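K.L.:
Before anything else, here's the structure in question.
The values are calculated or read from the model by the stated rules, or taken from the named source; none is laboratory data. All values derive from a computational prediction rather than experimental measurement. Positions of Cβ are generated from backbone atoms using ideal geometry, with glycine treated the same way; all protein chains shown enter the neighbour counts.
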Amino acid sequence: MVIAILKFQCLVILVMTLQTKPFFSSVRQTWVTPKDLYAALNKEFKFDFDPCPIDAKFNGLTHEWKNSNFINPPHKTQRLWIEKAYHVSQLLNMRAFDEERFIYKICVMLLPSRTDTKIFHDMILPNATEIRFLKGRLHYDEHKNSALFPSMIVVFNKNLDFKGKIIGYDYR
């Protein structure tokens, strides 16, 4: 009886490990943005470019970004993408000059909510126009389990008159 229980426990652990391995390991660095989250953000920001799509035929870090950019970066190279998004957001949108003011490019990022990191305190917190902490855990369309980490939307938008707005965000 004890041996049967131990075998069953080992089997359960094995199955759980196989189902969650991509979340715990560096094997998988990219995840497709959930369609409902992207739709909600796209409705608000009207994206015209994604510099790091899953099937990219170009290097988004060296490619010229457009006016309203959505970025769901590979986790391993997040710092590079965050720095690039901030710098792009400081550039003028040459197609959309307004007679009253300049209009800048917008960058919206989906990131793991890791508020204890150096990049969060050195780049995101002092420079983001908005940080939206997502309610609950993301559920990636291609995986049956939810993410094991919380997520946030970081907006770099120099067109707005404020910086540092932090809110909870329920896109559903």
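K.L.:
Just to be sure I understand, how many residues within the range 139-157 are of a type outside the set (S, T, N, Q) and crowded, with 19+ Cβ neighbours inside 10 Å? Walk me through how you get there before you give the answer.
P.N.:
Pass one, the range 139-157, residues of a type outside the set (S, T, N, Q): 139-144, 147-150, 152-156.
When the remaining residues are screened for being crowded, with 19+ Cβ neighbours inside 10 Å, the result is 152-156.
Of the residues in the range 139-157, 5 are of a type outside the set (S, T, N, Q) and crowded, with 19+ Cβ neighbours inside 10 Å.
K.L.:
So, in the range 137-159, exactly how many residues are touching an Asp or Glu at 6+ places or on another chain (Cβ under 8 Å) and either aliphatic (A, V, I, L, M) or more than 27 Å from Lys105 (Cβ to Cβ) (or both)?
P.N.:
The initial filter retains those residues of the range 137-159 that are touching an Asp or Glu at 6+ places or on another chain (Cβ under 8 Å), namely 153-155, 157.
When the remaining residues are screened for being either aliphatic (A, V, I, L, M) or more than 27 Å from Lys105 (Cβ to Cβ) (or both), the result is 153-155.
Looking only at that region, the number is 3.
For (1) within 16 Å of Phe45 (Cα to Cα); (2) free of Cβ contacts under 8 Å to residues at least 12 places away in the same chain; (3) assigned to a helix (DSSP H, G or I), each residue gets a yes or a no:
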| position | (1), (2), (3) |
| --- | --- |
| Arg79 | no, no, yes |
| Thr115 | no, yes, no |
| Asp141 | no, no, no |
| Ile153 | yes, no, no |
| Phe156 | yes, no, no |
| Lys163 | no, no, no |
| Ile167 | no, no, no |
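K.L.:
Anything in the range 128-172 that is under 16 Å from the mean Cα position of the chain (by Cα) and polar (S, T, N, Q)? List them, or say none.
P.N.:
Listed by number, the residues that qualify are Thr129, Ser146, Ser151, Asn157.
K.L.:
Now for a separate question. Could you check Leu125 against (1) part of a helix (DSSP H, G or I); (2) within 23 Å of Pro53 (Cβ to Cβ); (3) in contact with a strand residue (DSSP E or B) (Cβ under 9 Å, 6 or more places away or on another chain) and say which number it fails?
P.N.:
So Leu125 meets the others, but not (2).
K.L.:
Oh, and also: For residues that are more than 19 Å from Lys105 (Cβ to Cβ) and surrounded by 13 or more Cβ atoms within 10 Å (Cβ to Cβ), scanning just the range 54-76, find the one that is modelled with the lowest pLDDT.
P.N.:
Once the filter is applied, the top-ranked residue is His75.
K.L.:
In the range 85-94, is there at least one residue being of a type in the set (A, V, I, L, M), modelled with pLDDT of 90 or more and either out of contact with any Cys (no Cβ under 6 Å at 6 or more places or on another chain) or part of a loop (DSSP other than H, G, I, E, B) (or both)?
P.N.:
Narrowing the range 85-94 to residues of a type in the set (A, V, I, L, M): 85, 88, 91-92, 94.
Filter again for modelled with pLDDT of 90 or more, leaving 85, 88, 91.
Those still in the list that are either out of contact with any Cys (no Cβ under 6 Å at 6 or more places or on another chain) or part of a loop (DSSP other than H, G, I, E, B) (or both) too: 91.
Within the range 85-94 (the criterion being of a type in the set (A, V, I, L, M), modelled with pLDDT of 90 or more and either out of contact with any Cys (no Cβ under 6 Å at 6 or more places or on another chain) or part of a loop (DSSP other than H, G, I, E, B) (or both)), the answer is yes, since at least one residue qualifies.
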